[in-house]
1. Show me 38-49, 10-21, 76-87 ranked by packing, highest mean number of other Cβ atoms within 10 Å first.
2. At residue 35 and residue 89, where each label point lies 7 Å from the Cα along Cα→Cβ, what is the point-to-point distance in nanometres?
3. Ranked by accessible surface with a 1.4 Å probe, highest first, in what order do 1, 73 come?
Amino acid sequence: MISATVIGNVGQDPELRPAGTDKVLSFSLASNDGKGDQKVTTWVRCTVWGKRGETLAGYIKKGKKLACSGSLMQREYTNAQGEKRTELSLRVDQVEFCDKLADTAQASGGDASFDPNTFAS
């Protein structure tokens with residue numbers, strides 16, 4: 001297992017769904033490298049399990065810049081067209097908001113005293 005920190009922008013609003021007796025919050029982070037025609041975007045699928053995921057669901061929104069730390073894995077799957085794909089997946093242990101905290105809370109209708117660092121394991 002590889003520990004990693006990924007910094008990037010949330011690609012779309014996260015999805016909170018049941019997973020057995022627990023819940024899981026899923027979202028993708030986009031990280032860009034290079035400029036102009038040489039720009040490459042790397043996508044990492046992130047999951048936050050349990051109560052932390054439920055709470056963070058109200059604060060993570062499309063376009064927000066996050067730093068997520070956790071266990072990085074590579075997953076292979078076959079898409080609906082029958083093509084084999086590879087995906088980077090991060091099981092998140094810690095989330096840090098890189099945008100101003102007040103902006104994050106205001107955008108979600110949340111409490112400006114919210115401390116995302118309380119979601120470290």
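The values are calculated or read from the model by the stated rules, or taken from the named source; none is laboratory data. Bear in mind the structure is a predicted one, so any value in this text is a computation, not a measurement. Cβ atoms come from the backbone with ideal geometry, glycine included; neighbour counts cover every protein chain shown. Just so you know, the surface numbers come from the protein's heavy atoms only, side chains and all, with ligands and any DNA or RNA stripped out. Shrake-Rupley method; radii C 1.70, N 1.55, O 1.52, S 1.80 Å.
1. Most protected by this proxy first, the peptides run 38-49, 10-21, 76-87.
2. So the two model labels end up 3.7 nm from each other.
3. The ordering from most to least exposed comes out as 1, 73.
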